[in-house]
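One structure is given below, encoded as structure tokens.
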Amino acid sequence: NIKEPESKCEFQGKGYFSSRSAFLTGRSRPFHYRIQQLQSLRRFVLERKSDFAAALQKDLGKSEHGMELFELLGVEREIMLAIDELPKWAAPKPVEKNLLTIMDEVYVQPEPLGVVLIIGAWNYPLAVTLQPLIGAIAAGNAAVIKPSELSSHTAKVMEDLSLYLDKEMYHVVTGGVTESQELLKQRFDHIFYTGNSMVGKLVMQAASCHLTPVTLELGGKSPCYIDKDCDITIACRRITWGKYLNCGQTCIAPDYILCEPSIQDRLLEEIRKSIKEFYTDDPKSFTDYGRIVNQRHFQRLMALLKGSTVAIGGNGDESERYIEPTVLRDVNPEAKVMQEEIFGPILPVLTVSGADEAISFINSREKPLVLYIFSSNKKLIKRMIEETSSGGVLANDCLVHSTVSALPFGGVGNSGMGSYHGKYTFDQLSHLRSCLIRKLATEKANMMRYPPHTFEKIRW
Ligand code: NAD
């Protein structure tokens, strides 16, 4: 059950209700309004870049370069795409007619849903709140944005969104779980939640009270199968990059490796080399290696090491929330580290007898957000795609599928529902309205459907 909030929230009766009444004025519907708001959103992101950089440094130890490359670039690209494509996305789409409707106008008209609630996570706090917002604005909706309290410095900068956007239509509500729960009691027309699966269930439960549709962008344990027939040096370099970026706090980071025992030692050696190549011998003092978001997650991660064999790293410094890039070897599928999404710089390696066992292993667990396959054998890649299920699949690299706006980004089963990026965000936050317009003329053609149903009418 959603717990009762401990105190009344400041926003109550202000933020949300002004979004509703602003939406009902209809001013968010014309294209020029949506485009102007998207341009202002772009200005916000560009003008406040240094504030965001400072905030992300405090929240997650992110470097400015990392922020630009892995958050801002994507947000900016999606804004430009929405501005360019909006007339096409929002246009009525004529559909094929049947004999009964041959003279009519039959089309699908995307229309805004109303007020969208966007609840974000802390790991890429700009991307997970602003990318859904881009689609919400493009689709003509009002929105309430609730950034994560865990990345509190970034959330504070986000509050200034009201200086750039229509402040009655778009609201940022900062605060913690209490505020999220209070928001979830209100009636929205769509809830777009990014975060862990446990809270995802609470969000869905709360949404059901108002029959509000939800998009749940969740996480899970994304497996990474490495076939012995592949370039192991390149595979390990790419995996090391995908795993330790943002200190492993990436929803699509490879969670664990599956490989045959014969290549395990080689893999560990190559990952060790890549860690050194990227972060030197001392990642702790290296700018591109981040920090764990808070003490609670630091302790959770260090506890995951218990009972497994550390092959690389394994040490942490709580005062700095620093954990070494860590790899575990010969991990038991029942080990603690295999029971939950890791979401930190710990990479377990599990051995399997080959692709068959890897497929059964993957299928015996919850459906992941991504399946990574490293192999030079295209047939094997296709077979693994065919015989498993996941939100997305990426062969021979990590993370890059999320940069393709033409691919839907989202989970399946325990890793989420609904998808976004590019036009998918627009579609997700629109209602596809079926429209049929006919004339009041040619009534004779309709006579046979009216009672009484006589043979004379059919012969007509
Ligand atoms: P979090 O703790 O910041 O929670 C996310 C939001 O949920 C916050 O705004 C918070 O206020 C709210 N919340 C927390 N507890 C709540 C409750 N009991 N009731 C109502 N609202 C509540 O973030 P997190 O969950 O730690 O984020 C990490 C998770 O997010 C990981 O599982 C990761 O894989 C996933 N994630 C997924 C994606 C994706 O695109 N699929 C992207 C980023 C992160």
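For q = 0.07, 0.09, 0.13 Å⁻¹, what log10 I(q)/I(0) does the chain give under the Debye formula with an equal point scatterer on each alpha carbon and no solvent?
-0.41, -0.65, -1.17
Do the sum for the chain: with -39,500 (n - 2.57) for every DSSP H run of n ≥ 4, divided by all residues, what is the mean residue ellipticity at 222 nm, to the nearest 500 deg cm²/dmol?
Roughly -11500 deg cm²/dmol at 222 nm, from the helical runs in the chain.
Report the far tail of the P(r) of the stretch 352-454, meaning the percent of Cα-Cα pairs longer than 22 Å.
More than 22 Å apart: 53 percent of the Cα pairs in the stretch 352-454.
Over the stretch 100-249, what lengths in whole Å, largest first, do the semi-axes of the equivalent ellipsoid take, defined as the square roots of 5 times the eigenvalues of the alpha-carbon gyration tensor?
Ellipsoid half-lengths, sorted descending, are 33, 24, 16 Å.
Work from the charge dipole of the chain (Cβ charges, +1 for Lys and Arg, -1 for Asp and Glu, about the Cα centre) and give the residue of GLY66, ILE234, HIS190 farthest towards its positive end.
The listed residue farthest towards the positive side: HIS190.
Treating the beta-carbon of each Lys and Arg as +1 and of each Asp and Glu as -1, no other charges, what is the dipole magnitude of the stretch 241-281 about its Cα centre, to the nearest 20 debye?
Charge dipole of the stretch 241-281: 100 debye, to the nearest 20.
Where both partners of a DSSP beta bridge lie in the chain, what percent of those bridges are antiparallel, to the nearest 5?
Roughly 35 percent of the beta bridges in the chain run antiparallel, per DSSP.
Could you pull out every one of the aspartates and glutamates with an alpha carbon less than 15 Å from that of LYS221, ignoring same-chain neighbours closer than 8 positions?
ASP255, GLU334, GLU340, GLU341, GLU366
Please report, in debye to the nearest 20, how large the charge dipole of the chain is about its Cα centre when each Lys and Arg carries +1 at its beta carbon and each Asp and Glu carries -1 there.
Rounded to the nearest 20 debye, it is 1560 debye.
For GLU217, GLU76, GLU366, what's the largest-to-smallest order of accessible area, 1.4 Å probe?
Order by accessible area, largest first: GLU366, GLU76, GLU217.
In the structure shown, do any of LYS62/LYS146; LYS58/LYS243; LYS97/LYS367; LYS273/LYS306; LYS201/LYS336; LYS88/LYS185 have a Cα-Cα gap over 28 Å, and if so which?
Over 28 Å apart, Cα to Cα: LYS97/LYS367; LYS88/LYS185.
Please compute, for the alpha-carbon atoms of the stretch 245-324, the extent along each of the three principal axes and give them in descending order in Å.
The principal-axis extents, from largest down, are 39, 28, 23 Å.
For LYS228, which aspartates and glutamates qualify as cross-link partners when the Cα separation must be under 16 Å and same-chain residues fewer than eight apart are set aside?
GLU260, ASP265, GLU269, GLU270, ASP356, GLU357, ASP397
How far, in degrees from 0 to 90, does helix 378-387 lean away from the longest principal axis of the Cα atoms of the chain, to the nearest 10?
60
Hey, any idea what % of the stretch 21-130's accessible area is carbon plus sulfur with a 1.4 Å probe?
60
Mind pulling the angle between the C-alpha long axis of helix 15-24 and the longest principal axis of the chain? Nearest 10 degrees, somewhere in 0 to 90.
Value to nearest ten degrees: 40.
Straight-line reach from LYS93: which lysines have a Cα under 28 Å away, not including same-chain ones fewer than 8 places off?
By straight Cα distance, LYS93 reaches LYS423, LYS439.
Say R0 is 25 Å: what FRET efficiency, to the nearest 0.05, do SER21 and THR178 get from their beta-carbon distance?
E(calc), rounded to 0.05, equals 0.50.
Using only the alpha-carbon atoms, how far is helix 73-90 inclined from the longest principal axis of the chain? Give it as 0 to 90 degrees, nearest 10.
20
If we restrict to alpha carbons, what Rg and Dmax does the stretch 65-131 come to, in Å?
Rg then Dmax for the stretch 65-131, in Å: 18.6, 60.
Give me the Kirkwood hydrodynamic radius of the stretch 298-394 in Å, from all C-alpha pairs, to one decimal place?
Result for the stretch 298-394 stands at 14.9 Å.
Find the centroid of the Cα atoms in the stretch 28-61 and in the stretch 380-454, then give the distance between the two in whole Å.
29
Report the antiparallel proportion of the DSSP beta bridges in the stretch 262-353 as a percent, rounded to a multiple of 5.
That works out to approximately 60 percent antiparallel.
On the principal axes of its Cα set, how long, how wide and how thick is the stretch 163-272? Give whole Å, largest value first.
Each principal axis gives a Cα extent; for the stretch 163-272 these are 58, 33, 21 Å.
The values are calculated or read from the model by the stated rules, or taken from the named source; none is laboratory data. On a predicted model such as this, the values are computed, not experimentally measured, just so you know. Because the Cβ atoms are built from the backbone with ideal geometry, glycine has one as well, and the counts that use them run over all protein chains shown. Calculation scope for accessible area: heavy atoms of the full protein, side chains included, ligands and nucleic acids excluded. Shrake-Rupley method; radii C 1.70, N 1.55, O 1.52, S 1.80 Å.
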